[in-house]
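Only the coordinates and a few stated rules stand behind these numbers; no lab work does. Here the structure is a predicted model, which is why all the values come from computation and not from measurement. As a convention, Cβ positions derive from the backbone with ideal geometry for all residues, glycine included, and neighbour counts pool all protein chains shown.
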Amino acid sequence: MTDNELIESFLWGDEELFEKIIENNKGYVYNLSHSIVKNAEDARDISQQVFVKIYTGLRDFDTTRPFRPWLRQIVVNTCIDFLRERGQIDELSLNEDVPEGMIAVNPTALRDIEAKDIVGKVMAAMPVQYRMVLSLRHLEEMSYNEIADSLEIPIGTVKTLIHRAREMFMKRYEGIVK
């Protein structure tokens, strides 16, 4: 059964199917949370919060739409709330934009499996705003518009954050690899 089919059956009263929804998505929720907060225990706590939110919010979910984008939005928002509570993030906005035609640094290192440990260390050391947009763009493969909608910030801010994050990532990555 797909997640949407499980949700429909759950909404019709088969409460046991919620466990299957959790089973199908717990790895995704944990990995996305961990890519943002970079702490295993915090990612587990956030995962639990996400599934509580899903359980209470499933009645409002439109089963004619895909489940993953809705789930991703809940995970991202829960991570943002978590980081705000800890004082690690105030807001995701910048005043200046990157020019539209600017060439971005090639982020291929983000997908280099052999460099996974180094990538993890570099990402963990980056400010949360940069870590979050890089995770959404390169791990979740979200478009700039999807990121802007997800984080509720202007697209120009997304472009600026991604540009700066890529530059910071590459400088730090090259500093370790050299």
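Extending 7 Å from Cα along the Cβ direction at GLU19 and again at GLU85 yields two label points whose distance is 2.7 nm.
Full extension of the chain between LYS171 and ARG59 gives 35.7 nm of extra length, using 0.36 nm per residue less the Cα-Cα distance. Taking a point 7 Å from the Cα of GLU5 along the Cα-to-Cβ direction, the residues of region 57-90 with backbone N closer than 18 Å to it are 63-68.
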